[in-house]
Each structure stands twice: as structure tokens, then as C-alpha cells.
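Q: Got a structure for you, written out below as C-alpha cells; questions coming shortly.
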């Protein structure tokens, strides 16, 4: 519980910088000779009635992509559909200034969609290694992440400005909720939850528990003190009041 997997955060940031993800927008097919009506060219420019460039179909554009790019009447790039040199499908949409605001791609078996300004605030929706993830980022740093574990266990994680885990909320396979708090360095300091019907509050020094408060399923309350070596020093328990 000392932190979230670093690969997942790194993957989210990388996906945002690369510029996105897509769905099955393309079908791979072999192109063969089609007779005399076939036109072979490395680039096709499409203009409107006034001669302004509105779209470009390129075998290899300035990014190295095979792409179809669309332009506004002022010549600003507004959208791109294409395939990276490694075969990754890409979809990009820009604002009127030509700055990316939505991107999508499928890299290997991982689909990713990025919405917003990657340089400011953005939302990332994707799946990494079969784990669905939703992340909120501020200037390229993940601040909130929601994901589902391999067995469907939900988790909500909050991160500080240094990308260290601050708060974690999970519900385990045993249906028991657990909340964990971490210091600025991502070290767990507090954990509280319901364990086998008992309410437990665990306070630690960053490496081991030092004070544990609990209320058992039968109502018995307890306070346990531990030394720096993790050895129980004192256990104070109170018997539950008899039911009337």
C-alpha cells in the first residue's frame, strides 16, 4: 500500500504526450493494381472553390504518418486521421488555433483517449494491460486516477503536485473498504477500513504500525500500542456492554 504502480502513471503521461488513441477506424488491406483507373501519388491536395487548401492525403506527412489532414478556411490544421510508421492508428482534433484538444489511438492492445489541453488540464481514458483507467492531469502531472484491478476491484487514487500518492480508496475482493493516507513522499501513515466485520484504524510511522484502534463485530473496543520494532507494548480492551 505504499503507492500505485509507477508503470501505470508513466503510461498515462506517455500516452498524453504521444497524442492519443483511436478506435478501429482503419482496416489493413493489401493494395494491388486495379487497372487503368488507379492513381498513384505520394500526396494529394484538396482545395475548395476559392483554391484554399482544405485537406491533404499523404503517404508520409511531416510527422512520418500516413494521414488525411483537414484544414480550416484560414489554413489551420483542425483534424488528422492517420497511421504512425509503426502501424498505430491515430485520431487528432485541434481547436481553432491548431492546438490539440482530443486525441485517440490504439497502441498494441491498449486504447487511449486524451481530452483537453495536455499542457494544462486533461482527461485520460484508456486501458493498460487490461486495466481500465480514468485519469485527471494538471500540466502533465496525474492528480486523480480511477482504475479497476484484474479481479474488478475498484480504486481511487489522489496524488500531490510531486506525483506522489496522497490518498487511496479501495474495495477489496472481500467487499471490505480501505482508505489509506500518505505523507508528501508517498509513505503510508494511516489506514482505516472494515476488516472481517471489525472497524480498524491503523496509525504508523511510515514503516510499521504504532497505534491501532479497533471495534470488533461484537462491539468490543481495543487500543494497541507498538514500539519502533513493531512489538506490541500495550493492549487495552473494553468488553462490550451487555445487550438489554
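Q: Pull up segment 91-113, narrow it to residues that are within 23 Å of residue 73 (Cα to Cα) and in contact (Cβ under 8 Å) with a residue 24 or more places away in the chain, then point me to the one that is farthest from the chain's Cα centre (by Cα).
A: Keep residues of segment 91-113 that are within 23 Å of residue 73 (Cα to Cα), which gives 91-103.
The next check asks that each one be in contact (Cβ under 8 Å) with a residue 24 or more places away in the chain; those that pass are 91-92, 96, 100, 102-103.
On the way: 91: 19, 92: 19, 96: 27, 100: 19, 102: 15, 103: 14 Å.
It comes out as 96.
Q: Hey, another quick one. Residue 88: farther than 28 Å from residue 190 by Cβ, crowded, with 16+ Cβ neighbours inside 10 Å and free of Cβ contacts under 8 Å to residues at least 24 places away in the same chain, yes or no? Spell out the reasoning first.
A: On the way: farther than 28 Å from residue 190 by Cβ: yes; crowded, with 16+ Cβ neighbours inside 10 Å: yes; free of Cβ contacts under 8 Å to residues at least 24 places away in the same chain: yes.
Answer is yes for this residue.
Q: When the residues of segment 179-204 are filtered to those that are in a strand (DSSP E or B) and touching a residue at least 24 places away in the same chain (Cβ under 8 Å), which remaining residue is surrounded by the fewest Cβ atoms within 10 Å (Cβ to Cβ)?
A: So the first thing to find is which residues in segment 179-204 are in a strand (DSSP E or B), and the list is 179-182, 188-195, 198-204.
With the extra rule that they be touching a residue at least 24 places away in the same chain (Cβ under 8 Å), the set shrinks to 180, 182, 188, 191.
Numbers: 180: 21, 182: 24, 188: 18, 191: 20.
Within segment 179-204, the match that is surrounded by the fewest Cβ atoms within 10 Å (Cβ to Cβ) is 188.
Q: Could you list all residues from segment 150-159 that are surrounded by 14 or more Cβ atoms within 10 Å (Cβ to Cβ) and at pLDDT below 95?
A: Within segment 150-159, just 153 meets the criteria.
Q: Residue under question is residue 134, and the condition is that it be modelled with pLDDT of 95 or more, out of contact with any helix residue (DSSP H, G or I) (no Cβ under 8 Å at 6 or more places or on another chain) and over 25 Å from residue 114 (Cβ atoms); does it hold? I'd like the intermediate steps shown before the answer.
A: Numbers: modelled with pLDDT of 95 or more: yes; out of contact with any helix residue (DSSP H, G or I) (no Cβ under 8 Å at 6 or more places or on another chain): yes; over 25 Å from residue 114 (Cβ atoms): no.
So residue 134 does not fit the description; no.
Q: Does residue 168 satisfy the criteria of being farther than 19 Å from residue 153 by Cα, in a strand (DSSP E or B) and modelled with pLDDT of 90 or more? If you could, list the steps in order and put the result at the bottom.
A: Numbers: farther than 19 Å from residue 153 by Cα: no; in a strand (DSSP E or B): yes; modelled with pLDDT of 90 or more: yes.
Taking the combined requirement at face value, the residue does not satisfy it.
Q: Given the structure, is residue 128 modelled with pLDDT of 95 or more, surrounded by 12 or more Cβ atoms within 10 Å (Cβ to Cβ) and within 30 Å of residue 148 (Cα to Cα)?
A: Details: modelled with pLDDT of 95 or more: no; surrounded by 12 or more Cβ atoms within 10 Å (Cβ to Cβ): yes; within 30 Å of residue 148 (Cα to Cα): yes.
In short, no.
The values are calculated or read from the model by the stated rules, or taken from the named source; none is laboratory data. A quick note: this is a predicted structure, and the numbers were derived from the prediction, not measured. Neighbour counts run over all protein chains shown; Cβ positions are idealised from the backbone, glycine included.
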